[in-house]
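The values are calculated or read from the model by the stated rules, or taken from the named source; none is laboratory data. As the structure is a prediction and not an experimental result, all values here were calculated from the model. Cβ: placed from backbone, ideal geometry, glycine included. Neighbour counts: every protein chain shown. These accessible areas exclude ligands, DNA and RNA; they are computed on the full protein's heavy atoms, side chains included. Shrake-Rupley method; radii C 1.70, N 1.55, O 1.52, S 1.80 Å.
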Amino acid sequence: MAMQKKKLGVAVIGLGVGEQHLIAFRKSKYVKEIYIYDQSRKKMREIKSKYKNIEICEDLEQIYKNSNIDIVSIASYDQYHFEQIYNSLRNDKHVFCEKPICQNESQLRKIENLLKRKKNLKMTTNTILR
């Protein structure tokens, strides 16, 4: 008997490049639901009208605190990456983040230390494109 793969809840933060993340997640048979957040309410409404079956989050706390979200995909402005990564991991979310993941070594150490404590979580980025 084949093992059933868990279907995942995904949140996409930042809907510029993040729209491409959304498109990829929509194609995956392992994604059950998608949530979106962008600083621009207009952009969120445009994306929601363009794609079916996605939910808007009015603020980032709705993402961090939502137990249905397993993975956070971060494609926001660079200066927000560290805070969004850190809060996602702190709230037991796996993370994919556009580069750069942070802006200095101190932030990198904080992410590293949190990942060491949260051994069940994974984090990745697309630095292979550099």
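Working from Cα pairs under 8 Å separated by at least six residues, relative contact order for the chain is 22 percent. Modelled spin-label separation between residue 56 and residue 109, with each label point placed 7 Å from Cα along the Cα-to-Cβ direction: 4.2 nm. Kirkwood hydrodynamic radius computed over the chain comes to 15.0 Å, based on all pairs of distinct alpha carbons.
Taking 0.36 nm per residue of separation and subtracting the Cα-Cα distance, what length does fully extending residue 68 through residue 17 add?
16.0 nm
When the pairs 65/119; 29/116; 32/65; 29/118 are compared against a 25 Å limit on Cα-Cα distance, 29/116; 29/118 fall above it. Entry comment: accessible area of the chain is 63 Å² per residue, from protein heavy atoms only and a probe of 1.4 Å. For the stretch 115-121, the Karplus equation 6.51 cos²θ - 1.76 cosθ + 1.60, evaluated at θ = phi - 60°, returns couplings of 5, 5, 6, 9, 4, 7, 9 Hz by residue, with Gly and Pro reported as x.
Calculate for the chain the 222 nm mean residue ellipticity that helices alone would give, adding -39,500 (n - 2.57) per DSSP H run of length 4 or more and normalising by residue count, nearest 500 deg cm²/dmol. Don't skip to the answer; put the middle values down first.
Working: 5 runs with 48 residues, N = 130.
So the calculated ellipticity at 222 nm is -10500 deg cm²/dmol.
Our estimate of slack between residue 46 and residue 83, defined as 0.36 nm per intervening residue step minus the Cα-Cα distance, is 10.7 nm. Under 5 Å between amide hydrogens, built in the peptide plane, is the criterion, and for residue 121 it picks out nothing among residues at least 5 positions away or on other chains.
For the chain, which whole-number percentage of the solvent-accessible area (1.4 Å probe, protein heavy atoms only) is attributable to carbon and sulfur atoms?
Details: 4110 of 8220 Å².
Roughly 50 percent of what the probe reaches on the chain is carbon or sulfur.
Amide H contacts of residue 38: 14, each under 5 Å away and 5 or more positions distant or on a separate chain (H built 1.01 Å from N in the peptide plane; Pro and chain starts excluded).
In the stretch 16-74, one over the average inverse separation of all distinct C-alpha pairs is 11.9 Å, which is the Kirkwood hydrodynamic radius.
For residue 96, nonlocal amide neighbours, meaning residues 5 or more places apart or on other chains whose placed amide H falls under 5 Å from its own, are 72, 73, 74, 124.
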